[in-house]
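K.L.:
If you scroll down you'll find the structure; I have some questions about it.
Taken together, the values in this text are just the output of simple stated rules run on the coordinates, not laboratory data. This structure is a prediction, so every number in the text was calculated from the model and none was measured. In this analysis, Cβ positions are derived from the backbone assuming ideal geometry, glycine residues included, and neighbour counts consider all displayed protein chains.
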Amino acid sequence: MTAPASPSSGESTAEHSAKPSGFMAEFRDAVTLRAFGLVLGVLLVQIAFVVSYVGAFHSPTPHRIPVAVAAPPQVSGKIVARLDGLDDDPVKAMAAPSAAVARSWVLERKTDAAFVFNATGTKDTLLVASAAGPSVSQTAAQIAQKIEAAQKRQITVTDIRPPNAKDGRGMTPFYLVLGWVIGGYLTATIMGMAAGSRPASRHRTLIRLAVLVPYAIVSGIAGAVIVGPLFGALSGHFWTLSGIGALIVLAAGTTALALQTLLGLLGTGVVILLFVVLGNPSSGGVYPAPLLPSFWSAIGQALPPGAGTTLVRNTVYFSGHATAAALWVLGLYAAGGAVLAWAAAWWRERRQNTPEAAELR
């Protein structure tokens with residue numbers, strides 16, 4: 001006697017028979033409008049990546065590099081006017097009352113270089129701080145040497161704040177911040193995509209935000225260990241760098257969580273656009289702002305990679321000068337991202353609980 005087929009096996013057979021057969025049918029089933037949209041989105045991000053990086057780096061040109069001028073009053077104005085009058089505005093000169101003040105302006109990040117005029121001879125000095133970006137220091141030196149050659153004077157370039165011996169060309173702050181930013185937004189993305197995770201609710205969003213805090217703390221300490229005790233590239237600021245790292249990770253993580261909660265999969269694309277496509281080339285890590293085109297120069301310090309790079313560099317090499325703006329930017333991303341994530345989760349819950357949504361369920 002044959003046992004009757006179970007409902008589950010009958011349903012399975014019906015589903016199997018309903019599946020498309022043949023190559024074209026499989027093709028239509030695989031290449032859906034959603035799949036096409038995702039591939040198109042990846043292509044657009046790829047194109048934007050190439051355009052952004054090539055656009056920012058293909059032809060670094062100096063534009064209004066801040067330069068202090070220390071010279072006697074009778075010649076100071078002429079030198080400032082001569083520098084400001086150069087073709088294409090490569091520098092922005094400002095008179096300093098003394099050589100000591102001009103030097104302090106470089107170390108306090110008010111200027112990128114300082115021109116010290118020798119009133120008793122023909123040998124002048126250009127003070128630079130290559131730890132802030134060797135490209136700007138080299139460019140400033142080249143501009144000064146051209147001017148001095150035309151005036152039949154000699155110039156000596158003095159680097160008053162070079163990067164640490166194990167920091168190479170001063171790129172460690174950029175790579176450190178890049179790792180922190182990537183870790184922050186990838187962690188937020190993974191929490192949203194993890195198997196079994198439900199659509200973000202207010203409670204689940206608070207849980208994810210809470211998880212980001214210990215992750216950020218551990219990430220900050222780990223980064224400080226790598227650049228400090230492990231490689232000795234940025235030594236002497238362990239706990240300060242740990243705190244900065246935690247703030248950067250939180251800024252990237254909460255912002256990513258907010259955008260993904262608000263926009264879904266599209267939010268991940270926006271995160272990549274902000275932090276990678278636009279944020280990295282404009283950060284000042286490879287070429288500082290005075291060498292970047294105007295668009296990248298304008299947005300760099302308003303995004304976490306740029307603010308983070310400036311904060312780390314100026315903390316390690318310049319005694320924390322000119323870091324307030326970067327701290328505000330990162331703090332606003334961290335706090336604003338958390339608030340927006342919770343608000344987006346609340347908005348999604350409210351939409352799901354409307355009478356129209358209930359009827360659809």
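K.L.:
Calculate for the chain the 222 nm mean residue ellipticity that helices alone would give, adding -39,500 (n - 2.57) per DSSP H run of length 4 or more and normalising by residue count, nearest 500 deg cm²/dmol.
P.N.:
Rounded to the nearest 500, it is -20000 deg cm²/dmol.
K.L.:
With the crude spin-label approximation of a point 7 Å out along Cα→Cβ, what separation in nm comes out for Arg204 versus Glu349?
P.N.:
1.2 nm
K.L.:
Once both labels are modelled 7 Å past Cα along the beta-carbon direction, what's the Leu38-Leu265 spacing in nm?
P.N.:
The two pseudo-label positions are separated by 0.5 nm.
K.L.:
Rounding to the nearest 20 debye, state how big the charge dipole of the chain is about its Cα centre with +1 on each Lys and Arg Cβ and -1 on each Asp and Glu Cβ.
P.N.:
So the dipole magnitude of the chain works out to roughly 600 debye.
K.L.:
Also, I was wondering about something else. When a/c reaches 1.5 or more, the comparison of a/b and b/c decides; with that in mind, is region 65-162 rounded, prolate or oblate per its Cα gyration tensor?
P.N.:
It is rounded, given that a/c, with a ≥ b ≥ c, falls under 1.5.
K.L.:
While we're on this one: Which of these, Thr111, Thr32, Thr240, has the largest mean-square fluctuation under a Gaussian network model of the chain (Cα springs below 10 Å)?
P.N.:
Sorting by GNM fluctuation, first place goes to Thr32.
K.L.:
Right, next: Counting other beta carbons within 10 Å of each Cβ, put Leu241, Leu107, Leu178 in order, fewest first. Before the final figure, lay out each step's value.
P.N.:
Numbers: Leu241 26, Leu107 18, Leu178 21.
Listing Leu241, Leu107, Leu178 from fewest to most nearby Cβ atoms yields Leu107, Leu178, Leu241.
K.L.:
A further question on this structure: Measure nothing but the geometry: give the 0 to 90° angle between the long axis through the Cα atoms of 304-317 and the longest principal axis through the Cα atoms of the chain, rounded to 10°.
P.N.:
40 degrees
K.L.:
Grab the beta carbon distance between Asp159 and Lys123, set R0 = 25 Å, and tell me the FRET efficiency rounded to 0.05.
P.N.:
Once rounded, the FRET efficiency stands at 0.90.
K.L.:
I'd like to know which of Pro290, Trp180, Gly37 lies farthest towards the positive end of the charge dipole of the chain, counting +1 on Cβ of Lys and Arg and -1 on Cβ of Asp and Glu.
P.N.:
Of the candidates, Pro290 comes out farthest on the positive side.
K.L.:
Still on this structure: Measure nothing fancy, just the Cα-based angle from helix 202-225's long axis to the longest principal axis of the chain, in degrees from 0 to 90, nearest 10.
P.N.:
40 degrees
K.L.:
While we're looking at this one, here's another question. If you take the charge dipole of region 124-251 about its Cα centre, with +1 on Lys and Arg Cβ and -1 on Asp and Glu Cβ, which of Val128, Leu241, Thr158 is farthest toward its positive end?
P.N.:
Farthest towards the positive end: Leu241.
K.L.:
Right, next: Compute the long axis of helix 324-352 from its Cα atoms, compare it with the longest principal axis of the Cα atoms of the chain, and write down the angle in degrees, 0 to 90, nearest 10.
P.N.:
The two axes meet at around 20 degrees.
K.L.:
Follow-up. So which residue, out of Arg103, Arg313, Arg351, gets the largest mean-square fluctuation from a GNM of the chain using Cα contacts under 10 Å as springs?
P.N.:
Arg351
K.L.:
Shifting gears a bit: Taking only the alpha-carbon positions of the chain and ignoring solvent, what does the Debye formula give for the base-10 log of I(q)/I(0) at q = 0.08, 0.11, 0.12 Å⁻¹?
P.N.:
At q = 0.08, 0.11, 0.12 Å⁻¹ the computed log10 ratios are -0.54, -0.84, -0.94.
K.L.:
What dipole magnitude, in Debye to the nearest 20, does region 65-162 give about its Cα centre under +1 on Lys/Arg Cβ and -1 on Asp/Glu Cβ?
P.N.:
260 debye
K.L.:
In whole angstrom, how far apart do the alpha carbon centroids of region 234-312 and region 45-98 sit?
P.N.:
24 Å
K.L.:
Then there's this: What shape does region 228-318 take by its C-alpha gyration tensor, where a ≥ b ≥ c are the square roots of the eigenvalues and a/c under 1.5 counts as rounded, a/b above b/c as prolate, and the rest as oblate?
P.N.:
oblate
K.L.:
What FRET efficiency comes out for Lys166 versus Ile217 if R0 is 45 angstrom and r is the Cβ-Cβ distance? Round to the nearest 0.05.
P.N.:
Efficiency at R0 = 45 Å is approximately 0.95.
K.L.:
Let me ask something additional. List the residues of region 257-281 whose backbone N lies under 19 Å from a point placed 7 Å from the Cα of Val339 along the Cα-to-Cβ direction.
P.N.:
Label zone hits: 257-263.
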